[in-house]
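Colleague: The structure is given below, and queries will be raised subsequently.
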Amino acid sequence: MRASSIIGVGKTYRGALSRTLVLVFLATFLWLQIHVINLTTRDWSSQTSSNETLYSLVPQELHRFLKERQNNTTTITNLTSGILTKIEINEIRRNIEKINAEQKVINDDAFGPLASDAPVIVVQVHTRLTYLRHLIVSLAQAKDIEQTLIVFSHDVWNPDINYLVQSVDFCRVMQIFYPHSIQTHPRTFPGEDPHDCPRNIRKEQALLLKCTNAQHPDLYGHYREAKFTQTKHHWWWKANRVFDQLEVMKNHTGMVLFLEEDHYVAEDFLHVLKLMERTSKHSCERCNVLSLGTYLKTYNYYADFSRKAEVTPWISSKHNMGMAFNRVTWNKLRKCASQFCSYDDYNWDWSLQHVAQSCLPPSKGAGTIPRVESGLIAMMMRAPRVFHIGECGVHHKKTNCESTAVIAKVRNVLKSARNHLYPTKLTLTVAGVAKKTKLKKGNGGWGDIRDHELCLNITLNTDLLLN
């Protein structure tokens, strides 16, 4: 065969190969485009379906609390990711200082001055906007909510959350901002200082490294993590702030109810809270903590369960949800600031448990209630009026943190129990307890002396203001 023929065949073969490769490329490209479009459509449909489900759980007149704010010109990507410039941090600090100094009560003109014995609700808020929306929806449906003041205590400045809170129009509202947050101190204590010791480093290594807190690991040999210490600091700060620093609370003698952003309340929770307060004065003077929540998986409101309350020593893992107490109890707790602030546990509720057992005087026996070695005695509703709807948080992470399943379950429970709400009186039962309870070992995470000092200074600064 001549060379020219061989060359011609080669060119034809290469041309066919090139066309084949082009066709394969185009087919692959088209398949990918279609696949991406399908995925996008499926994701959008899933999101739309999720939003529709959320709206279906809420009465139409309250849909306004589920809507995103309009004309959102402020980007919050950096706020939620924690990547902030010094200029942004300084601006947030100025906003926080301004709002904390103003102590503005929103809707005060519509509802008038707060009664001295009116319930005050304090909500600790972080970043979980969806849960907060549903808490607010549940509060909006509560009987007598217009009599209350709701204080939203934030540890993150977030325009979307601020917009939601400021849109609450069914009662008096106030915002307060924890001033020592990780957001405003991202690279210095009480945030994560780059010179701090790594959590799992051994003390011997830490001393050689000369990291800032080398001398102060916790009782398990670990060093502090700011994301865990912040919650205890925030809780203690807001309690000091609400009881002792807000002008609107100056003459307040009623109950202060502590909630969190992922709680949900029954429509009669205020009715029951007032009934518990009245019952404690007449039938259980030692009951100094009222607990509206429970962590039971099943609930019974039928027969007389709706009006049953249990009297028992306060236990952090059982009675920390929807807990309420008044200024008399707070003044006793504040005197135990050193025990609260130095206890090696990053949980505020475990720290209160320690205070109850080590600082507050034990409760004397009376009637059918025996003497117990705890200074906090709880009256807990057997049929709860506060529920936990959060699927994700500091300790728990799931694939879907915006699940509506728990919210739907709670709403169905309350719907079926509607005829058994609003009891006219309470029936008290006394839980069997040992006369002496062994002090619990803390969970750690609170060995750093700087955390002790910051926590204690919060109270000392309050004392200076009071004096």
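The values are calculated or read from the model by the stated rules, or taken from the named source; none is laboratory data. Predicted model, so just to flag it, every value in this text is computed and none were measured. Methodologically, a virtual Cβ is constructed for each residue, glycine included, from the backbone with ideal geometry; neighbour enumeration extends over all protein chains shown. Areas reflect the complete protein model, heavy atoms only, side chains present, ligands, DNA and RNA absent. Shrake-Rupley method; radii C 1.70, N 1.55, O 1.52, S 1.80 Å.
Colleague: Under 7 Å by Cβ, and 6 or more places apart or on different chains, what pairs join a residue from the range 402-422 that is within 14 Å of K297 (Cα to Cα) with one that is at pLDDT 90 or above and assigned to a helix (DSSP H, G or I)?
Modeller: What qualifies is I407/H134.
Colleague: Let me confirm something: among D160, D144, which residue is at positive phi and either touching a residue at least 24 places away in the same chain (Cβ under 8 Å) or of a type in the set (G, A, S) (or both)? Write out each step before concluding.
Modeller: On the way: D160 fails: at positive phi.
Step by step, each of D160, D144 is checked, and only D144 is at positive phi and either touching a residue at least 24 places away in the same chain (Cβ under 8 Å) or of a type in the set (G, A, S) (or both).
Colleague: Give me the pairs, please: first residue somewhere in the range 223-242 and open to solvent by less than 10 Å² (accessible area, probe 1.4 Å), second residue anywhere and polar (S, T, N, Q) and part of a helix (DSSP H, G or I), beta-carbon distance under 7 Å, and either six or more positions apart or on two chains.
Modeller: Pairs found: K232/S351; N240/T459; N240/T462.
Colleague: Let me ask something additional. Show the residue pairs that are 6+ apart or on different chains and have beta-carbon atoms under 7 Å apart, the first residue being within the range 171-196 and touching a residue at least 24 places away in the same chain (Cβ under 8 Å) and open to solvent by less than 30 Å² (accessible area, probe 1.4 Å), the second being aromatic (F, W, Y) and part of a loop (DSSP other than H, G, I, E, B).
Modeller: That search, which allows pairs on different chains as well, returns F177/W157; Q183/W157; D196/Y223.
Colleague: So, one more: Report yes if some residue within the range 280-293 is part of a loop (DSSP other than H, G, I, E, B), farther than 30 Å from Y131 by Cα, open to solvent by 60 Å² or more (accessible area, probe 1.4 Å) and basic (K, R); otherwise report no.
Modeller: The answer is no, given that none of the residues of the range 280-293 is part of a loop (DSSP other than H, G, I, E, B), farther than 30 Å from Y131 by Cα, open to solvent by 60 Å² or more (accessible area, probe 1.4 Å) and basic (K, R).
Colleague: Those residues that are more than 15 Å from I92 (Cβ to Cβ) and not hydrophobic (A, V, I, L, M, F, W, C), I need them from the range 167-187; list them, please.
Modeller: Taking the range 167-187 as the starting set, the residues that turn out to be more than 15 Å from I92 (Cβ to Cβ) are 167-174.
Those that are more than 15 Å from I92 (Cβ to Cβ) and not hydrophobic (A, V, I, L, M, F, W, C): S167, D169, R172.
Colleague: Where residues in the range 306-357 are β-branched (V, I, T) and in a helix (DSSP H, G or I), which of them is surrounded by the most Cβ atoms within 10 Å (Cβ to Cβ)? Steps first, please.
Modeller: Here is the first cut: in the range 306-357, the ones β-branched (V, I, T) are 311-312, 315, 328-329, 355.
Then keep just the ones that are in a helix (DSSP H, G or I); that gives 328-329, 355.
Working: V328: 9, T329: 20, V355: 23.
Among those residues, the one meeting the criterion is V355.
Colleague: Moving on to the next point. Look at K210 and say whether it is over 24 Å from W348 (Cα atoms) and either touching a residue at least 60 places away in the same chain (Cβ under 8 Å) or not aliphatic (A, V, I, L, M) (or both).
Modeller: Values: over 24 Å from W348 (Cα atoms): yes; either touching a residue at least 60 places away in the same chain (Cβ under 8 Å) or not aliphatic (A, V, I, L, M) (or both): yes.
Judged against the criteria, K210 is a match.
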